[in-house]
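The values are calculated or read from the model by the stated rules, or taken from the named source; none is laboratory data. Just so it is clear, the model here is predicted, and its values are computed rather than measured. Note that each Cβ is placed from the backbone with ideal geometry, even for glycine, and that neighbours are counted across all protein chains shown. These area figures cover heavy atoms from the full protein model, side chains too; ligands, DNA and RNA do not enter into them. Shrake-Rupley method; radii C 1.70, N 1.55, O 1.52, S 1.80 Å.
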Amino acid sequence: MKNQKMSLIGVAEEKRGNITFGMIRDIFINSGFSLVYENKNIVFLSFNENNYIGIINFSLKNLKDLSSLGLKFNVIVYADIGYETLLSKEVKKSFASLDSIIVLNIDDENNIKLLEGNNKALVITYGLNNKATVTASSLDINNLIEFNFCLQREIKTLKGDVIEPLDFPVEINFFGKEYIYSALASIIVGLCYGLYIENIRDGLLNIKGFDRKMEKVYEGSFTIIDNFCLNPVDYSIAFENIQHLKYKDIVLLKGIEIDQGIYTIKKNLEIVLNWAPILGIRRVVFFVDKKDSLIEKNIEHLFIKNGIPYNIYYNLKHCLECELKSIEKDDIFLLLGSDLLNNSKDILLNQLNRQ
């Protein structure tokens, strides 16, 4: 790899899926780059015979191994917040040796520890606080996100050009704080490579969505939103994002996997109960992967006690087809759960296409 002829971008976002990875990819494609090869974690792009870019989504614990292969990253994006690997001495040692551009989310102060011992890298920080080199202002989160991208201090591109402080409006067809972070990081990468601002903005606006990450499955007279949730933190974040939207009522489909254990299931149910009056949840629909009398009794006790109507199903297709008929104008049909809801989108879209 010593004669490597392409520029490499590394993206570490283990807790957040491939959102930033996907946004960077689409920004470059919208800027005229052609797709040469891609899989889940690697993308190779070309602009011409002399201009190639590779984007690699990786785990921080693998950074040392990637470096030992002779791979030299020109830009590394660390997009996660609060990931335990930050405490690893090996990871910090690997980061200390980097002399690339490091794009770092600093809304978690622990992330700064990654920079200890590194005086060679050019660090560009981002976040929703005023200490960051790049932040977002004039935030408007509704059925899409609008904000101003604010570069508060000058930065240098890979070619050594200086970009003076600037700001410009950005619009993305998503909602949720994680998408704001990903957009900020992706724009920084685009600017570092000298991409035109209009191409960056258009690239972000035209991104369709990310599978089961506050995904808008359908948007018409009502809206269907699907999000992967496993634990109480996942459910809390999803509900926090939903509260910014405009809608009449919510019908919530909550998936329950018996193997999660009664403790986690009850905690998740309590989160739903806490948010139900705040969000205006009209009814809760449960899809349970196995019949279990203990789960049924807990649902009955908690939801009848709190006066919240509910239905329980054990067949996903039957559940979705029945409940879709009850969704009213301006409602949100909100799907929250783990892998057992993975086929929900296909079932719903097939049903909508037949109507």
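A few remarks follow.
- Extended-chain gain in nm, criterion 0.36 nm per residue less alpha-carbon gap, S236 and K131: 35.1 nm
- Cross-link table K208/K325; K120/K156; K40/K291; K216/K267, entries beyond 24 Å C-alpha to C-alpha: K208/K325; K40/K291; K216/K267
- Debye, to nearest 20: dipole size of the chain, +1 on Lys, Arg Cβ, -1 on Asp, Glu Cβ: 560
- Percent accessible area from carbon and sulfur atoms, the chain, protein chains only, probe 1.4 Å: 49
- Under 5 Å between amide hydrogens, built in the peptide plane, is the criterion, and for V217 it picks out I224, I225, D226 among residues at least 5 positions away or on other chains.
- Whole-Hz ³J(HN,Hα) from phi, Karplus 6.51 cos²θ - 1.76 cosθ + 1.60, for the range 161-175, glycine and proline x: 6, 9, 9, 6, x, 7, 8, 7, x, 10, 9, 10, 8, 9, 8
- Counting 0.36 nm for each residue step from D99 to K267 and taking away their Cα separation leaves a gain of 56.0 nm.
- Taking N as its residue count, the alpha carbon Rg of the chain over 2.2 N^0.38 Å: 1.09
- Partner aspartates and glutamates for K345 [C-alpha distance under 16 Å; skip if fewer than 8 residues away on the same chain]: D211, E215, E219, D226, E321, E323
- Cα→Cβ-extended label distance, 7 Å offset, between K40 and N118, nm: 2.6
- Among the trypsin sites (Lys or Arg not before Pro) in the range 265-355, those placed in a DSSP loop whose Cβ has at most 12 other Cβ atoms within 10 Å are K290, K291, K325, K329.
- For the range 124-172, alpha-carbon Rg over 2.2 N^0.38 Å: 1.25
- Calculated P(r) tail over 18 Å for the range 198-355, as whole % of Cα pairs: 58
- Rh (Kirkwood; distinct C-alpha pairs) - the range 55-158, Å: 14.9
- Maximal additional length on extending the K248-K325 stretch stands at 26.1 nm, based on 0.36 nm per residue less the C-alpha distance.
- Spherically averaged projected area of the convex hull of Cα atoms, the range 275-355: 5.9 nm².
- J(HN,Hα) series, the range 61-75, from Karplus relation 6.51 cos²θ - 1.76 cosθ + 1.60, nearest Hz, glycine and proline x: 5, 9, 4, 4, 5, 5, 5, 5, 7, x, 6, 10, 7, 7, 9
- Close amide-amide hydrogen proximity is noted between Y313 and F286, F287, V288, each under 5 Å apart and 5 or more residues distant or on a separate chain (H modeled in the peptide plane; Pro and chain starts excluded).
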